[in-house]
1. Would you be able to tell me the number of residues in segment B:41-76 that are part of a loop (DSSP other than H, G, I, E, B) and either more than 26 Å from B:His30 (Cα to Cα) or open to solvent by 30 Å² or more (accessible area, probe 1.4 Å) (or both)?
2. What are the residues in segment B:5-51 that are among the hydroxyl-bearing types (Ser, Thr, Tyr), farther than 14 Å from A:Thr129 by Cα and more than 15 Å from the chain's Cα centre (by Cα), if any?
3. Restricting to segment B:14-40, count the residues that are surrounded by fewer than 17 Cβ atoms within 10 Å (Cβ to Cβ) and polar (S, T, N, Q).
4. Touching a Lys or Arg at 6+ places or on another chain (Cβ under 6 Å) and within 28 Å of A:Ile145 (Cα to Cα): is that true of B:His138 in this structure?
5. More than 8 Å from chain A (Cβ to nearest Cβ), in contact (Cβ under 8 Å) with a residue 40 or more places away in the chain and of a type in the set (A, V, I, L, M, F, W, C): which single residue out of B:Leu159, B:Leu65 fits that description?
6. Could you tell me whether any residue of segment B:35-44 is touching a helix residue (DSSP H, G or I) at 6+ places or on another chain (Cβ under 9 Å), under 30 Å from B:Asp67 (Cα atoms) and touching a residue at least 24 places away in the same chain (Cβ under 8 Å)?
7. What are the residues in segment A:111-131 that are open to solvent by 10 Å² or more (accessible area, probe 1.4 Å) and more than 7 Å from chain B (Cβ to nearest Cβ), if any?
8. Can you tell me which residue among A:Ser2, A:Ser21 is within 14 Å of chain B (Cβ to nearest Cβ), more than 17 Å from A:Val97 (Cβ to Cβ) and of a type outside the set (A, V, I, L, M, F, W, C)?
Number of protein chains: 2
Amino acid sequence: MSISTYDASAPVFVRGFRVLSELLAKAEAHGGDSLVEARLAPDMLNLAGQVQRASDTAKFAVARLGDVQPPSFEDNEATIADLRKRIDATVAWIQSVDRAALEAGVTREISRKFKDTEHSFTGASYLLTFAIPNFFFHVTTAYDILRHNGVSVGKLDYLGFGG
Amino acid sequence: MSISTYDASAPVFVRGFRVLSELLAKAEAHGGDSLVEARLAPDMLNLAGQVQRASDTAKFAVARLGDVQPPSFEDNEATIADLRKRIDATVAWIQSVDRAALEAGVTREISRKFKDTEHSFTGASYLLTFAIPNFFFHVTTAYDILRHNGVSVGKLDYLGFGG
């Protein structure tokens, strides 16, 4: 019994982005755009960077699985509203990719270099051992930045069951 | 084209736990057991809580997918070594669950209550929209606690490609 590659990719990212966008809406109401520069350690990415890397991770995962060309983003977001637009643009693009293209990606060979070492993946292993953990890393770290700065968001908001 | 429910569950959790255990080993060398109590906000779980909830999330996901009885843990870990033993015990139990039982869980009805509202999942949707995002939430927040406290770990360590 199995899970479709489409179900394990596009809607997982889209759901995560909806959560992230709602978290950012609450951040905007709480602290405003100064939070865009907030970070948990001097050498970690700030909130803008976490959203940009979430966008890139999902975008490249869908592009590599579906063998399609991803859009280019400039990483010039300076406000919460800008970051939410970046999310909207990423979601719109993901939703434009054909389901069948993503399904076909499960066995596609995908190669990625980390620390000068080339790693070979199948589409499935790339999704499960790189893209999904990396995507939720950035969504979670955005949430953690907000919590650390006193924004009133909770775990159910992160899980998408905050109502 | 599809991904097996087993591949999308047990080994994803086991890989995440290996990453988390290595992060904790570096934390032990850096700051020792005082980090067990570290947290990012007064009303967030500390490092011990993040590891305990990662353990529970994976354990209950495997138990519910596989329709098997999970082990009980006391949540009494007080040192980094204790937390690493908790991870080892969780991994050993996950690896003891039959692959076929997990495969069969893809369409199993799973019901969970959040904020007094009952939510119905299939095995697949429970895994993709609750268990995996929640599991990586706790692994990432453990990492973020360590980074916030100056432990020398990096993104490739989180991704499992730190070498």
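1. So the answer is 13.
2. Scanning segment B:5-51 gives B:Thr5, B:Ser34.
3. Count: 1.
4. So B:His138 fits the description; yes.
5. Answer to the check: B:Leu65.
6. no
7. Within segment A:111-131, A:Ser111, A:Arg112, A:Lys113, A:Asp116, A:Thr117, A:Glu118, A:Ser120, A:Phe121, A:Thr122, A:Ser125 qualify.
8. On inspection, the qualifying residue turns out to be A:Ser2.
The values are calculated or read from the model by the stated rules, or taken from the named source; none is laboratory data. This one's a predicted model, so the numbers in the text were calculated from it and none came from an experiment. Reconstructed Cβ throughout: ideal geometry from the backbone, glycine too, with neighbour counts over all protein chains shown. Heavy atoms of the whole protein, side chains included, go into the accessibility calculation; ligands, DNA and RNA do not. Shrake-Rupley method; radii C 1.70, N 1.55, O 1.52, S 1.80 Å.
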